[in-house]
Amino acid sequence: MQHNMTVTIEEPLWKEMKKHNEIRWSAVMKEAVKVKLNALSVLTQLANSTRLTEKEIEEFALRLGKKVNAR
């Protein structure tokens with residue numbers, strides 16, 4: 001089963017996106033969701049099997065998010 005989702009895009013970002021009509025933006029967003037869910041899965045596994053404090057896990061999550069976004 002497939003589901004639709006509505007995303008609101010701010011005007012400046014929308015204008016930049018419109019400059020690249022060759023890109024399927026829905027596919028880009030779908031991939032971004034997959035990457036985020038994968039990172040959350042890793043963090044959940046880490047949180048369930050570590051002695052780190054919640055604050056340390058949050059800091060790790062921020063660093064991981066930056067690395068994932070850099071790809």
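Can you give the calculated 222 nm mean residue ellipticity of the chain, where each DSSP H run of n ≥ 4 adds -39,500 (n - 2.57) and the sum is split over every residue, rounded to the nearest 500 deg cm²/dmol?
Only helices count here, giving -23000 deg cm²/dmol.
Taking 0.36 nm per residue of sequence separation and subtracting the Cα-Cα distance, how much length would be gained by fully extending the chain between Gln45 and Lys19, in nm to one decimal?
So the chain would gain 5.4 nm between Gln45 and Lys19.
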Inset, instruction - Can you pull a Stokes-Einstein diffusion coefficient for the chain at 4 °C (1.567 mPa s), Rh from Kirkwood over Cα pairs, as a whole number of µm²/s? - result: 88 µm²/s
Inset, instruction - Would you list the membrane-span-like helices of the chain, meaning whole DSSP H runs whose alpha-carbon atoms span at least 18 Å along their axis and whose mean Kyte-Doolittle value is at least -0.5? - result: 25-48
Legend entry - Listed residues Ser49, Ser41, Ser26, most fluctuating in the chain (Gaussian network, C-alpha, under 10 Å): Ser49
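None of the figures in this text is laboratory data; all of them are computed from the coordinates on show. Since the model is a prediction, treat every value here as computed from it, not as a measurement.
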